[in-house]
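The values are calculated or read from the model by the stated rules, or taken from the named source; none is laboratory data. This is a predicted model, so every value here is computed, not measured. Please note: Cβ atoms are built from the backbone with ideal geometry, for glycine as well, and neighbour counts cover all protein chains shown.
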Amino acid sequence: MHHPIALAQPVSIRDWRPELPPGELRSISLHWTAHDYEQVFPAYHFVLTRPDDVLVHHTHDLRENMRDVRLDPALPYAPHTRGRNSWSIGLSIAAMRGATPSDFGAYPLTEPQLDALCRVAATLAAFYGIDVANVRTHAEAALADGYFGAGLESTRWDIARLRPSPEPLLPDEATATGDWFRNRIAGLLAKRR
């Protein structure tokens with residue numbers, strides 16, 4: 001069932017205190033938009049804009065993904081990760097337009113963005129009881145589903161690498177980057193206890 005809500009104005013990560021609806025959510029997917037620092041896309045539940053003073057944009061009602069979206073895909077939902085949107089939250093950093101694994105271009109990931117992404121993920125994981133093992137990058141989902149890689153419209157590598165490197169992008173790096181996020185989020189969750 002579609003639950004229209006008035007999505008709030010963007011708020012600084014320092015002041016972000018979301019009013020979250022009750023319900024069941026089982027996983028969190030981490031992304032980048034592959035655009036500039038200001039572009040917001042409705043494919044995600046939350047988009048983090050700006051490279052420094054990060055703003056959190058609530059772009060989709062979480063309740064829309066509190067179901068098996070494959071059963072009625074005509075109903076609204078956040079389509080953030082191919083085939084993995086049921087009971088799943090999509091978070092994205094607005095960054096990485098024109099990026100390649102060796103050159104992150106004019107809109108690279110920033111430490112404030114990465115920190116904000118982990119803080120938002122930890123807040124949502126704590127509220128919904130999502131095990132940190134169920135926080136994955138889009139690259140990890142693409143790896144599991146056979147569309148991992150860079151350079152083709154049909155492949156995904158967000159977020160497989162945190163810094164540009166001339167080295168080839170390998171699946172192990174995607175997994176290690178996912179582990180980096182999970183460890184950081186687990187640390188934030190431990191501080192809440």
* ALA43 passes all but one of (1) surrounded by fewer than 23 Cβ atoms within 10 Å (Cβ to Cβ); (2) in a loop (DSSP other than H, G, I, E, B); (3) modelled with pLDDT of 95 or more; which number fails? -> (3)
* Asked: On the given criteria, is LEU25 aliphatic (A, V, I, L, M), in a loop (DSSP other than H, G, I, E, B), in contact (Cβ under 8 Å) with a residue 60 or more places away in the chain and surrounded by fewer than 23 Cβ atoms within 10 Å (Cβ to Cβ)?
  -> no
* Selection count, region 85-109, where residues are part of a loop (DSSP other than H, G, I, E, B) and touching a helix residue (DSSP H, G or I) at 6+ places or on another chain (Cβ under 7 Å) -> 4
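Is it the case that some residue within region 69-88 is touching a Gly at 6+ places or on another chain (Cβ under 6 Å) and among the hydroxyl-bearing types (Ser, Thr, Tyr)?
Within region 69-88, the subset touching a Gly at 6+ places or on another chain (Cβ under 6 Å) is 78, 80.
Cutting the leftovers down to among the hydroxyl-bearing types (Ser, Thr, Tyr) gives us none.
Looking for residues that are touching a Gly at 6+ places or on another chain (Cβ under 6 Å) and among the hydroxyl-bearing types (Ser, Thr, Tyr), one finds none in region 69-88, hence no.
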* Filtered residues of region 66-84 (kept if in a loop (DSSP other than H, G, I, E, B), under 19 Å from the mean Cα position of the chain (by Cα) and of a type in the set (A, V, I, L, M)) -> MET66, ALA78
* With respect to ILE130, is the statement that it is closer than 30 Å to PRO22 by Cα, in contact with a Leu (Cβ under 6 Å, 6 or more places away or on another chain) and modelled with pLDDT of 95 or more true? -> no
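Can we say PRO51 is surrounded by 14 or more Cβ atoms within 10 Å (Cβ to Cβ), over 15 Å from the mean Cα position of the chain (by Cα) and either within 22 Å of LEU114 (Cβ to Cβ) or among the aromatic types (Phe, Trp, Tyr) (or both)?
On the way: surrounded by 14 or more Cβ atoms within 10 Å (Cβ to Cβ): yes; over 15 Å from the mean Cα position of the chain (by Cα): yes; either within 22 Å of LEU114 (Cβ to Cβ) or among the aromatic types (Phe, Trp, Tyr) (or both): yes.
It is true that PRO51 is surrounded by 14 or more Cβ atoms within 10 Å (Cβ to Cβ), over 15 Å from the mean Cα position of the chain (by Cα) and either within 22 Å of LEU114 (Cβ to Cβ) or among the aromatic types (Phe, Trp, Tyr) (or both).
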* Asked: Filter region 160-174 for residues that are buried (at least 16 other Cβ atoms within 10 Å of the Cβ) and either of a type in the set (S, T, N, Q) or under 17 Å from the mean Cα position of the chain (by Cα) (or both); which is nearest to CYS118 (Cα to Cα)?
  -> LEU162
* Any idea which of (1) surrounded by fewer than 21 Cβ atoms within 10 Å (Cβ to Cβ); (2) of a type in the set (A, V, I, L, M, F, W, C); (3) at pLDDT 95 or above; (4) not in a loop (DSSP other than H, G, I, E, B) is the one VAL120 doesn't satisfy? -> (1)
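Test of understanding: among HIS60, HIS31, which residue is part of a strand (DSSP E or B) and closer than 19 Å to ALA116 by Cβ? Explain how you work it out, then say what you get.
Values: HIS60 fails: part of a strand (DSSP E or B).
None of the others qualify; the one that does is HIS31.
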* Pair list, Cβ under 7 Å, 6 or more apart: region 160-175 residue acidic (Asp, Glu), other residue not in a helix (DSSP H, G or I) -> GLU173/ALA160; GLU173/ARG161
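How many residues does region 134-159 contain that are in a loop (DSSP other than H, G, I, E, B), under 16 Å from the mean Cα position of the chain (by Cα) and among the small types (Gly, Ala, Ser)? Walk me through how you get there before you give the answer.
Going residue by residue through region 134-159, those that are in a loop (DSSP other than H, G, I, E, B) are 146-147, 149-155, 157-159.
If we keep only those that are under 16 Å from the mean Cα position of the chain (by Cα) too, we end up with 157-159.
From what's left, among the small types (Gly, Ala, Ser): none.
Residues that pass the stated criteria total 0.
Which of the residues that make up region 137-159 are of a type outside the set (Asp, Glu), surrounded by fewer than 21 Cβ atoms within 10 Å (Cβ to Cβ) and touching a residue at least 12 places away in the same chain (Cβ under 8 Å)?
Of region 137-159, the ones of a type outside the set (Asp, Glu) are 137-139, 141-144, 146-152, 154-157, 159.
So of that shortlist, the ones also surrounded by fewer than 21 Cβ atoms within 10 Å (Cβ to Cβ) come out as 144, 146-152, 154-155.
Of everything in region 137-159, those that are of a type outside the set (Asp, Glu), surrounded by fewer than 21 Cβ atoms within 10 Å (Cβ to Cβ) and touching a residue at least 12 places away in the same chain (Cβ under 8 Å) turn out to be TYR147, PHE148, GLY149, ALA150, GLY151, THR155.
Does THR81 qualify as being touching a strand residue (DSSP E or B) at 6+ places or on another chain (Cβ under 7 Å), surrounded by fewer than 23 Cβ atoms within 10 Å (Cβ to Cβ) and of a type in the set (S, T, N, Q)?
Numbers: touching a strand residue (DSSP E or B) at 6+ places or on another chain (Cβ under 7 Å): yes; surrounded by fewer than 23 Cβ atoms within 10 Å (Cβ to Cβ): no; of a type in the set (S, T, N, Q): yes.
Judged against the criteria, THR81 is not a match.
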